[in-house]
Each structure stands twice: as structure tokens, then as C-alpha cells.
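*Asks:* I'd like to ask you about the structure that follows.
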Amino acid sequence: MASIVSVVGLEKRYRLGKDNFVDALRGASLEIEEGEMAAIMGPSGSGKSTLMHIAGCLDRPDAGEVWLRGRRVDGVRGTELTRIRAREVGFIFQGFNLISTMTALENVALAAEYAGSSRKDAARAAAELLETVGLADRVKHVPSELSGGQQQRVAIARALVNGPRIVMGDEPTGDLDTATSDEIVSAMRAVNRERGTTFLIVTHNPEVAAACDRTIRMRDGVVETAESRTA
């Protein structure tokens, strides 16, 4: 398969004070194939989230290269960077990040409107995706009226509304109990299989990783191994 994301020799240093810094990435390299569902695991501070944020154009490396669908993007700036973030990569975070005063439908549609869709088209796409993730009967509910698992399903729909080829999740099940976590992983896997959407998931949960095609293990800012589920 062709790579959808390729990162080469990523380095990232965060300065904490005048003479205090941490090297989050120390030459990390990784390829993610089109259509796969991969997990990134490793101890706290191993660079998992930093690698994902840079691969998704949410942050920039100090050195190295980031390639998205065959195009180098680590130097992209301005409106083109905004377009990539809005349309080419979807994001799911641990804390859901839903707007409390908006319904499930409005939360999802807003992402489409932000990317340039009309209000009518955005609402239609949002409704279709909420049905896909099993929330057709919750479209008019605000986040406080939804369970944690339902809120994360809304976040998945929001990540998908602009048709990205890859969705990146930073501990997307971290705030959920085991049963709800399993439901969210199953929802992501269903989207992966039915739509061919690639997923890259940062997780501490070995059960989440076991549900993926491949587990990428990081330590001290580098990728140590990238094992398939059947290996």
C-alpha cells in the first residue's frame, strides 16, 4: 500500500526555561499506510502526542520532514495550512472539545461550515455522519444531555465531516470506561473498514492497540518498533 503519512527524522525541542529544555523527538521516523488503523504506544514523555501533532500539521518540527499524501507539508504556512487542517486531516481528542451550547448536529456542522460548506450542506453531512456513528436519535441533544461515549461519537463525526483521508486521535478513549472505550474503538474500526479512512491513534490502552492493525512503540523520542497485530 502507498503511505498516506510519512515522517522522517523528526526532532522537536521544547524550552521550559533559560537553561531548561526537553527533547520530545530525537529523529523519529514513521510511515502510515493508506487505509490502515494504527496505534502509537509508549511511556509518558516518549513523544507520542508530539509526533502525532506534527504529522497532523498542528505543530512544526525543529528538523525533519513531514509528507502527507505524497506532498511535503512541514513548511506549509498560512491559508494552505488552514486548509490542510480543515479538510485533509481529522482530529479526535480525549476531552471531546464540543461546544456546550450547541447540539450534536450543530457541533458537527460547524466544522463543515468552517471549511467552506454552506449551512444547508453542512447540516446534511452532519446528519448523515451522526447516523453513521449511531446517533441519529441524538442530533438535537447538547453535550450535557449525552454520555461520554456519545460525546466522543459526536467528536468522531466532526472529525469525518470534511472527508479527510486520515483521522488522528490523541487518547480518544482516555476518559471513558472499558465498555464505552470498546464501543468507540468499534465505531472507529467500522468507519475504517466501510469508508477506508486511515486512523492513527495515540493510546496508553493495550486493548485499544490490540484492535488496530499495527502497534507503533515509542521511547525517548524515537520509534522503536512497529509491529502488526498478527506478528
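*Asks:* Would you please name the trypsin sites (Lys or Arg not before Pro) within region 126-194 that are DSSP coil residues with at most 13 other C-beta atoms within 10 Å of their C-beta? Intermediate values should be presented prior to the final figure.
*Replies:* Details: sites: R138, K140, R153, R158, R165, R189, R193; in loops: K140, R165.
Passing sites in region 126-194 are K140.
*Asks:* If the elastic network links every pair of Cα atoms under 10 Å, which of T197, T215, T79 fluctuates the most in the Gaussian network model of the chain?
*Replies:* Between T197, T215, T79, it is T79 that shows the largest mean-square fluctuation.
*Asks:* Okay, moving on. Kindly provide the trypsin sites (Lys or Arg not before Pro) of region 1-57 that DSSP labels as loop, not H, G, I, E or B, and whose Cβ sees at most 13 other Cβ atoms within 10 Å.
*Replies:* On the way: sites: K12, R13, R15, K18, R26, K48; in loops: K18.
Passing both the DSSP loop test and the Cβ count: K18.
*Asks:* What value does region 96-208 have for Rg/Rh, both radii from Cα atoms and Rh as Kirkwood defines it? Show your work: numbers first, answer last.
*Replies:* Details: Rg = 13.2 Å, Rh = 14.0 Å.
Answer for region 96-208: 0.94.
*Asks:* So how much slack lies between A179 and E11, counting 0.36 nm per residue of separation and subtracting their Cα-Cα distance, in nm?
*Replies:* Result for the pair: 56.8 nm of gain on full extension.
*Asks:* Can I get the semi-axes of region 31-96's equivalent ellipsoid? Compute them from the C-alpha gyration tensor as square roots of 5 times the eigenvalues, in angstrom, largest first.
*Replies:* Ellipsoid half-lengths, sorted descending, are 20, 14, 14 Å.
*Asks:* Now for a different question. Would you mind computing, in nm to one decimal, how far apart the modelled labels at E34 and A190 are, each placed 7 Å from Cα along Cα→Cβ?
*Replies:* 2.6
*Asks:* Can you pull out the chymotrypsin sites (Phe, Trp or Tyr not before Pro) in region 45-104 whose DSSP state is coil and whose Cβ has at most 14 other Cβ atoms within 10 Å?
*Replies:* On the way: sites: W67, F91, F93, F96; in loops: F96.
Answer by residue number: there is no such site.
Coordinate-derived values only; no laboratory data. Note that this is a predicted model, so its numbers are computed, not measured. Every residue, glycine as well, gets a Cβ built from its backbone with ideal geometry; the counts of neighbours run over all protein chains shown.
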